[in-house]
Amino acid sequence: MNVTAEEQSGYPCDQCEKGIMRTTIFPKYETAVEGNPFVVENAVVEVCDKCGNWNVMYKELERWHKAYEDFHARDFMSPQEIRSLRGRLGLSAIDFARLLGTTRQSVRNWESPRRQFHQSRMTDSILRLISDSLENRQVDVLEFLCARAAVFGSSLGKKIAKARRAATVSLSVKKVAPEPEAAVRPAVSAGESVAAGSAVGEAPASYGTGSHLLYDMTNMKDCGALTYDATIATVSLVLWSPWNGAFAAELRIDDGWQPAAKVQIRNGKAPLLQGANTAIFDKIRELKLTRLD
Ligand SMILES: [Zn+2]
């Protein structure tokens with residue numbers, strides 16, 4: 001044993017010069033590693049018994065870094081996952097590199113089961129965005145990046161939400177040619193037995209649905225539709241993006257703006273105007289959405 005008596009019982013504190021630095025074990029020690037919040041299990045910290053001054057030995061700091069790396073290793077796409085993503089895209093390594101604007105060697109490194117370092121967090125985010133985009137087509141990029149930052153201990157959601165609140169989305173209505181009546185009405189061929197009072201039997205009298213495409217004038221693309229259901233006299237909103245939250249909705253009908261109504265959009269869908277008739281629906285020209293929450 002080459003441990004001195006002084007080390008065993010602690011060493012003098014160089015801050016207050018009165019207390020002794022004692023080895024203390026914290027089962028859950030809240031600290032920051034590489035600037036990210038992190039909780040170390042059974043952290044060994046020297047703490048002064050008089051002034052609270054603390055010190056962590058180099059070997060212990062190394063252990064914290066290792067624990068941090070291990071903890072987040074699960075938060076990076078594995079070589080198998082990256083290879084599988086490339087497979088689902090049907091791309092060779094060189095084409096995958098072209099898609100991302102990187103080299104084939106980088107792709108090979110990410111996919112190597114014997115790789116020593118995982119891809120950067122930025123690269124990992126892009127790979128995950130590609131995967132989400134492939135599966136869902138529409139991905140809310142800012143929401144996605146906020147979620148990833150949260151995984152690494154930073155909460156930026158409120159700041160981003162505030163920036164988004166300031167934005168009003170203006171959507172113009174693109175008329176869609178009405179479908180031929182035959183195509184709209186449920187076909188009931190002669191001789192086909194229809195139970196009295198069934199939905200199909202009743203449908204033609206009150207049947208009337210239609211839709212207008214919504215065009216996002218900022219991003220210059222179709223982004224959803226307004227649909228009209230005559231059976232409930234309601235104009236509904238359907239957005240391709242899974243928006244959620246409360247919005248002030250203003251409709252321009254011919255040249256007049258309707259007062260803003262609060263609508264609750266869930267997964268891109270919301271009833272927009274109740275008690276509307278087909279004539280009103282056909283005169284809707286524009287929709288403005290302003291986020292409220
Ligand atoms: Zn001290």
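Bear in mind these aren't lab numbers, they're just calculated from the coordinates by the rules spelled out. Since the structure is predicted, the reported quantities are computational estimates derived from the model, not experimental observations. Neighbour counts run over all protein chains shown; Cβ positions are idealised from the backbone, glycine included.
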Residues in segment 122-136 that a label on SER78 would reach, taking backbone N under 17 Å of a point 7 Å out along Cα→Cβ | 128
Could you give the radius of gyration (one decimal) and Dmax (whole number) of the Cα atoms in segment 79-163, in Å?
-> 14.3, 43
Residues meeting the amide H criterion for VAL139 (H placed from the backbone, H to H distance under 5 Å, 5 or more places apart or on another chain) are none
Segment 10-73: radius of gyration and largest Cα-Cα distance (Dmax), Å | 12.9, 43
From the phi of every residue in segment 114-131, what ³J(HN,Hα) in whole Hz does the Karplus formula 6.51 cos²θ - 1.76 cosθ + 1.60 yield, where θ is phi - 60° and glycine or proline is x?
-> 9, 4, 8, 10, 6, 5, 4, 5, 5, 4, 4, 4, 5, 4, 5, 4, 4, 4
With N residues in segment 231-270, what two-decimal value do you get for its Cα radius of gyration over 2.2 N^0.38 Å?
-> 1.26
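For THR278 and ARG121, what is the calculated FRET efficiency with R₀ set at 51 Å and r taken between the beta-carbons, to the nearest 0.05?
Working from the Cβ atoms, E equals 0.45.
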Once you've got the Cα coordinates, tell me which of LYS28/LYS66; LYS66/LYS158; LYS221/LYS288; LYS28/LYS59; LYS159/LYS221 are over 23 Å apart.
-> LYS66/LYS158; LYS159/LYS221
Which order results if ARG128, ARG285 are arranged by neighbouring Cβ count within 10 Å, fewest first?
-> ARG285, ARG128
Residue by residue through segment 150-160, which ³J(HN,Hα) values in whole Hz follow from phi under the Karplus form 6.51 cos²θ - 1.76 cosθ + 1.60 (θ = phi - 60°), with glycine and proline marked x?
-> 5, 4, 9, x, 10, 9, 10, x, 5, 5, 5
Sorted by Cβ neighbour density within 10 Å, fewest at the top, the residues TRP54, TRP110, TRP243 | TRP54, TRP243, TRP110
Sequence of TYR11, TYR228 once ranked by neighbouring C-beta atoms within 10 Å, starting from the fewest | TYR11, TYR228
Round to the nearest 0.05 the FRET efficiency obtained for ARG88 and ALA260 when R0 = 35 Å and r is the Cβ-Cβ distance.
-> 0.20
Is segment 1-122 best put as rounded, prolate or oblate by its Cα gyration tensor, with a ≥ b ≥ c the root eigenvalues, rounded for a/c under 1.5, and otherwise prolate when a/b is larger than b/c, oblate when not?
-> prolate
Inter-centroid distance (Cα atoms) of segment 29-44 relative to segment 222-249, Å | 47
